[in-house]
Amino acid sequence: MQVNLSDTLINNAIKHYSDNRITLTDTRIRGLSVEVRKNSASFYLRSSFKGKFKRVTLGVFPTLTVQTARSLSIAYKQRLIEDVHGNVLDHKQDIAFGDYYELHFLPWCQHYRRSYKSYVSLYKRHLAPRFEHMLVSEIGVQHITAMVTDMLYKGYSRGFINKTVHTLRSLLKRSEELCDTSYHPSLNKRHTALSTQTRKERYLSEAEARRLRDYIQAHLDDAVVLAIGFLLYTGARRSEALKAEWCHVDATRQTWFVPITKNGKPRHIVLNRRALDIINAAQALQQQEYGMQQRWLFLSPIKLQPYNCIFYHWNRIRSELGLSDMRIHDLRHSFASTLVNNGATLYEVQHLLGHKRAHTTERYAHLANTRLIKAASLIDKAYK
């Protein structure tokens, strides 16, 4: 089972141990796992380099914590590379894509990229399964073309495929800087992205919004549904809502502080009554399930961590409600359109959505014009 290992998780696994041995594989450090037996757990590292596999015992929990096991894993892999190649930093050397990502790119990315978590998610889902054991110098345009063809066949959007290709090419080209290795020369050729069509923005109609609100009200015992309700009533970005912490919520002042946003600036979000109702429901749910308030508002009952992805949950809900073409991000658009249609100015909408630039909010200007046309038509009724 692949999980984000933590000391709490291992303690719970030991506590609820059955007759069968449990193996938990870490999602952060490739090859790191813990085997849980009755009253004990041991850390192991399975590492590969140029087709050579090793399984190393790191230590016993809790003498060895998860953080220490991860540090030992990284140090061991670095020593393994040096054993095979000599001093890897002194010469241009071939290195497996997975090892380059884990030992060199990821530490750099954590310090210099705000979008670090999106890199991690994209790597695990789409790059590691295909390129993990290949050498960096082997991955050329022909391999990228094969990946694009496969993703198109599986139905991924052209925009997402373009993002994946851009990420892979950037990752490969930076290898020369980060670990002094050579990337495939074909990557120097200019890449032509797939053409994309601009998708028409989707808003909830009054009837659709009513169905979704009724569904939320009927499932207040489901953390994912509460998160969706929070998105609907705050207009927050998905990542902001899923990472929301109780320490940042001030119910008395009706504000929610978001320390990390897309534009890099923290912001305060004003909470309306419906958003506060969602918060109260989340608090009651955690009290019922865990006996106390946890760190995050919307907690996965399996991992006891905030949700990273709720697409599959949303896909089920939107299908059930007849909203098959409604994306999660469209809830943000619907929040904005509801505000504009009920008299809010574009300036107010800009600040409630956390847009850095006013022109980003101007996409909703036509909604304001529609409202003005309706207001002007009152003259027709008055002069009948």
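The numbers here are math on the coordinates, done by the rules we state, and not lab data. Predicted, not measured: the structure shown is a model, and the values here were computed from it. Note that we place each Cβ from the backbone using ideal geometry, even for glycine, and neighbour counts take in every protein chain shown.
Rounded to the nearest 10 degrees, the angle from helix 311-320 to the longest Cα principal axis of the chain is 40 degrees.
What FRET efficiency, computed as 1/(1 + (r/R0)^6) with R0 = 25 Å and r the Cβ-Cβ distance, is obtained for Ile302 and Ala193, rounded to the nearest 0.05? With a Förster radius of 25 Å, E is 0.10. Compared with the alpha-carbon gap, the fully stretched path from Gln217 to Gln142 is longer by 21.9 nm at 0.36 nm per residue. Relative to the longest principal axis of the Cα atoms of the chain, helix 223-234 runs at roughly 50 degrees.
Each label was represented as a point 7 Å from its Cα along the Cα-to-Cβ direction; for Asp325 and Met1 these points are 4.0 nm apart. Full extension of the segment from Gln288 to Tyr312, taken as 0.36 nm per residue of separation minus the current Cα-Cα distance, would add 6.1 nm.
Could you work out how far helix 273-290 tilts from the main Cα principal axis of the chain, as a 0 to 90 degree angle to the nearest 10? Value to nearest ten degrees: 40. Using 0.36 nm per residue and subtracting the Cα-Cα separation, the extra length available between Ala75 and Lys356 on full extension is 97.0 nm. Return the subset of Lys173/Lys356; Lys38/Lys243; Lys77/Lys154; Lys163/Lys243; Lys173/Lys243; Lys117/Lys356 for which the Cα-Cα distance in this structure is over 29 Å, preserving the input order. The answer is Lys173/Lys356; Lys38/Lys243; Lys77/Lys154; Lys173/Lys243.
Summarising the label geometry, the points placed 7 Å from Cα in the beta-carbon direction at Arg130 and Arg37 lie 4.1 nm from one another. Each semi-axis of the equivalent ellipsoid for the range 206-376 is √(5λ) with λ an eigenvalue of the Cα gyration tensor; in descending order they amount to 27, 19, 14 Å.
Take the Cα of Ser121, go 7 Å toward its beta carbon, and the backbone nitrogen atoms of the range 1-42 under 19 Å from that spot belong to 2-5, 27-29. For the chain, the equivalent ellipsoid derived from the alpha-carbon gyration tensor has semi-axes of 44, 29, 18 Å in decreasing order.
Can you give the FRET efficiency for Lys163 and Asn272, using 1/(1 + (r/R0)^6), R0 = 51 Å, r = Cβ-Cβ distance, to the nearest 0.05?
0.95
Taking R0 as 30 Å, what FRET efficiency do you get between Asn12 and Tyr112 from their Cβ-Cβ distance, rounded to the nearest 0.05? Calculated transfer efficiency: 0.30.
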